Amino acid sequence: MPSLLTRVKSKMFVFAHRRARGMLDGEYASVFRGRSLDFDDLRAYIPGDEVRDIDWKASARVGAPLIKRYVAVRRQTVLLVADTGRNMAALARGGEVKKDIAVMALGVVGYLAVRHGDNVGLVHGDAGHTAARPAKGTEGHLEQLLQSVDAAATLEAGSSDLKTQLAHISRSYATRMLLFVVADELALDEETARLLRRLQAQHEILWVQIRDAELAGEHALALDSYDVADRQAIAAALGRDAEVARDYADAVAARSEATASFMAARGIVMAQIGHSSEVVGTLFSLLERHRRAR
Amino acid sequence: MALIFWWLLPVGLAVAAGAAWLVFRSRRTADAAPVAHADRLTGLPSYQRALGRHRRWLWVLCASAVLLAGAALTAAARPAQQHSIRPEQANRDIVLCLDVSGSMVETDAAIVNVFTQLVKEFEGERIGLTIFDSSAVQVFPLTDDYELVKEQLDVARTALGLDSDNFGFFEGTYAGAGSSLIGDGLASCVTGFPKLDSEQRSRTVVLATDNLLAGTPLFTLDEAAALAQSSKVRVYAINPNGQESGKAATAAQRLQDAATATGGGYFALDNADAVSKIVGQVQSTEAARLTGAPVVSVADVPALPLVLALVGLAGMLLALWKVRP
């Protein structure tokens with residue numbers, strides 16, 4: 001089986017070359033509020049570092065900005081949360097299978113965490129079944145996590161219900177973690193809102209929404225399609241109807257707006273990804289916005 | 001209404017069912033794209049309306065396809081109209097056998113006159129004219145060349161007219177000894193039919209005579225009648241002397257016996273105007289006799305199924321255009 005993590009790394013490598021090397025690490029490092037007071041050493045400033053970490057005196061001596069580095073008190077834990085119901089085996093907006101984008105996003109964040117020396121765990125599942133993998137800090141472990149997500153999210157999997165996984169996390173974890181949730185364009189209901197409020201109180205939450213395939217309008221699928229939830233068939237011809245396309249665009253925009261305002265109201269940073277080529281860039285800006293949000 | 005290739009229907013239905021099954025199966029295995037949260041689209045009222053329209057057009061498409069297939073199949077099975085026709089009617093041969101002795105001329109003129117009218121309605125029938133007195137002369141043989149018939153009948157009518165001076169018309173009818181040799185005349189008329197033995201046709205002799213014999217014929221009337229009977233020629237006798245007595249009555253009685261013996265009929269005539277009525281009777285009796293042995297003719301009538309197929313095709317094209325905008 002080809003290594004999923006290798007694919008993730010190559011994507012990040014390409015991105016890092018286009019931007020400045022190390023930017024992603026800097027953005028990731030800023031996610032955690034907690035800092036120890038044990039000074040380690042100084043290093044050159046790289047974009048994304050916290051301004052308050054700059055050692056101004058040392059910078060003045062050297063003539064270039066320097067960053068104080070501290071030894072982390074304890075390893076942080078990143079919990080990857082993924083829906084691996086059959087919704088994730090459906091098509092994304094860009095025409096890929098949604099789980100490919102999900103694995104890419106989980107891999108990028110997981111790899112940043114491993115490189116930073118943090119532990120990465122995983123909670124995934126569908127409506128009937130939730131699997132939890134313990135947090136470890138090795139690339140091999142991360143590879144296994146990605147493989148298990150990739151293997152679980154098939155068209156034969158159970159129906160998707162992210163609430164089941166969120167409820168599991170709220171029950172099972174006592175420590176503070178970074179939750180990196182990969183969801184799709186689900187409609188947020190009262191139950192989800194309650195769970196998110198509950199989790200937000202304990203954890204940092206980063207929310208990535210993988211955009212579902214367009215069903216009507218200009219960029220709709222050319223093929224006939226069916227809903228993986230109930231196998232209801234959808235004729236592609238119907239999406240080309242002008243009235244339907246207009247109503248659909250309005251409905252999708254309203255839903256997207258509702259999700260965005262819901263997340264914003266709860267201080268959860270959210271990003272939308274429609275294609276795997278957007279993953280690294282979107283995650284970069286997601287981390288950036290998370291840093292600014294505080 | 002019958003189908004010539006009726007076995008095409010079950011075969012075609014089986015093929016259509018097989019094709020429908022294959023299409024249905026390929027539709028099921030066709031790679032429709034899996035999508036999630038389709039309620040984004042399916043929850044829209046306008047989508048439900050569009051779906052309703054789509055379904056209606058799909059129904060039209062299916063119904064049109066079934067109509068097209070059924071109508072085309074029916075047309076291919078060759079629907080045909082079966083007519084039973086009586087070809088004998090057109091096989092009728094009529095020989096006018098006219099006694100042109102002086103006493104008969106007026107009646108002859110009336111008969112010729114009636115047939116001049118009738119000939120316009122003939123179709124496939126053949127008509128011939130033989131006149132006799134002491135010997136028989138064939139004016140024209142059996143023919144369906146109605147132009148010639150009409151022309152010859154006109155000549156005969158003129159010649160038989162009261163103020164006629166065309167004695168050439170009667171040329172050759174005095175060759176025998178005597179006058180009104182009816183037996184000879186009838187025998188000549190009967191033997192005048194071509195292919196008496198080999199061809200099955202309806203043969204009729206319209207014999208106009210008063211049966212007042214003067215001389216010694218080769219054939220007596222009874223012998224001639226027997227000849228007609230054996231040749232299956234019906235003789236309809238028209239006698240201008242109606243109910244009379246004496247010699248004429250005996251002659252009339254003999255004529256009637258002779259005519260009825262051949263399967264024909266006998267008509268006594270009081271005045272010449274009644275001829276058309278009598279000929280009408282002869283014609284209708286003939287028609288009644290000829291209803292036997294109808295022959296079935298088969299003609300294809302593909303118009304209705306083909307029109308239905310066209311309607312089905314039009315419906316299909318319209319529905320396809322609507323279903324795939």
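The table that follows gives values for the structure above.
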read-out	value
Rounded to 10°, Cα long-axis angle of helix B:275-289 versus longest principal axis of chain B	50 degrees
Percentage relative contact order, chain A, counting C-alpha pairs under 8 Å, at least six apart	19 percent
Rg/Rg_globular for the stretch B:87-293, with Rg_globular taken as 2.2 N^0.38 Å and Rg from C-alpha atoms	0.93
Extreme residue, positive dipole direction of the protein assembly as shown, given options B:GLY161, A:ALA64, B:LEU310 (C-beta unit charges)	A:ALA64
Amide H partners (placed H, <5 Å) of A:ILE273, local residues excluded	A:GLN209, A:ILE210, A:ARG211
Per-residue HN-Hα couplings for the stretch A:277-289 [Karplus 6.51, -1.76, 1.60; θ = phi - 60°; Hz; x = Gly/Pro]	6, 8, 4, 5, x, 5, 5, 4, 5, 5, 5, 4, 5
Per-residue average of Cβ from other chains inside 10 Å of B:53-63	1
GNM result for chain B, Cα springs below 10 Å: residue of B:LYS232, B:LYS277, B:LYS150 fluctuating most strongly	B:LYS277
Nonlocal amide H pairs with B:ARG126, under 5 Å, H built at 1.01 Å	B:ARG92, B:ASP93, B:ILE94
Choice from B:ASP133, B:ASP197, B:ASP99 with maximal GNM fluctuation in chain B (Cα, 10 Å cutoff)	B:ASP197
Gaussian network model of chain B, Cα within-10 Å springs - most flexible of B:LEU22, B:LEU207, B:LEU160	B:LEU22
Net charge of Cβ neighbours under 12 Å - reference A:LEU196; Lys, Arg +1; Asp, Glu -1	+2
Surface per residue (accessible, 1.4 Å probe) for the stretch B:87-293, Å²	45 Å²
P(r), alpha carbons of the protein assembly as shown - 20 Å bins starting at zero, rounded %	15, 25, 13, 10, 10, 13, 11, 4, 0
Under 10 Å, Cβ to Cβ, from A:ALA236 - net charge with Lys/Arg +1 and Asp/Glu -1	+1
Solvent-accessible heavy-atom area per residue, rounded to whole Å², over the stretch A:77-293 at 1.4 Å	37 Å²
Accessible area buried, both sides summed, chains B and A with 1.4 Å probe, Å²	2500 Å²
Pairs of Cα atoms farther than 19 Å apart, the stretch B:1-159, %	74 percent
Antiparallel content of DSSP bridges confined to the stretch B:87-293, in %, to 5	20 percent
About the Cα centre, charge dipole magnitude for the protein assembly as shown (Lys/Arg +1, Asp/Glu -1 at Cβ), debye	6800 debye
Kirkwood-based Rg to Rh ratio, chain A, C-alpha trace	1.00
Rounded percent of accessible protein surface that carbon and sulfur make up, chain B, 1.4 Å probe	60 percent
Fraction of beta bridges assigned by DSSP in the protein assembly as shown that are antiparallel (%, nearest 5)	35 percent
Farthest toward positive dipole pole in the protein assembly as shown [+1 Lys/Arg, -1 Asp/Glu at C-beta], among A:LEU4, A:LEU178, B:THR216	A:LEU178
Rounded to the nearest 20 debye, dipole of the stretch A:77-293 from Cβ charges on Lys, Arg, Asp, Glu	1060 debye
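The values are calculated or read from the model by the stated rules, or taken from the named source; none is laboratory data. As the structure is a prediction and not an experimental result, all values here were calculated from the model. Every residue, glycine among them, receives a Cβ derived from its backbone with ideal geometry; neighbour counts consider all protein chains shown. Calculation scope for accessible area: heavy atoms of the full protein, side chains included, ligands and nucleic acids excluded. Shrake-Rupley method; radii C 1.70, N 1.55, O 1.52, S 1.80 Å.
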